[in-house]
Amino acid sequence: MNLSFKEKSLWLMLISLLVAFGIYFGMTLPEHFALAHSPEHERALWMTLAHANRFAVAVIVLVALSIIGHTLIALIDRRTETDERDRLISLIGARNGGFVLACGVFLALVAAVHTRGNFIFAHVLMLGWVAAELVNLGTQLWLHRRGVM
């Protein structure tokens, strides 16, 4: 399978997002819900700090994977030019991701109205952003592989 620079970049970002935020959500959400049903309210502040630290680590991992991966891709494949087809596929991916992001924002606002605190609101919003990026990247990869346009 001969992938263009753009497709390699899309795969890199898709995998990086899944790794960084998959680990974040996989560790944070079960821990939060276990604490929510516990009488230990004193630990809530420490858990909030731990979640913020985990989020910072997830962002650092995402950035590091992106930089290292794009550097390696650029060294291996020097054809980085884009054409009209790439730009059109990017627009379609952004449109689809925008729809998902709008739904995520709406769900986060609903969660904010119906829950106490801001943990659920912030994480529904973040999950909406991650889902929107995954839809954006997935749409672009699908269109590149299908040879559409």
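FYI, it's all coordinate maths here, none of it is from the lab. Note that this is a predicted model, so its numbers are computed, not measured. Cβ: placed from backbone, ideal geometry, glycine included. Neighbour counts: every protein chain shown.
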Relative contact order, percent, the chain [alpha-carbon distance under 8 Å, six or more residues apart]: 33
Computed magnitude of the charge dipole of the stretch 5-146 (debye, nearest 20; Cβ of K, R +1, Cβ of D, E -1): 280
Distance from the stretch 82-149 to the stretch 11-36 (C-alpha centre basis), Å: 17
Rg/Rh (Cα only; Kirkwood hydrodynamic radius) as it applies to the stretch 5-146: 1.06
Among 25-35, 130-140, the order from most to least packed when residues are scored by Cβ within 10 Å on average: 130-140, 25-35
Virtual spin-label span in nm between residue 3 and residue 74, 7 Å along Cα→Cβ: 1.8
The chain - mean residue ellipticity at 222 nm from DSSP helices (-39,500 (n - 2.57) per run, n ≥ 4, rounded to 500): -30500 deg cm²/dmol
Within the stretch 59-149, trypsin sites (Lys or Arg not before Pro) in DSSP loop having at most 13 other beta-carbon neighbours inside 10 Å: 78, 79, 116
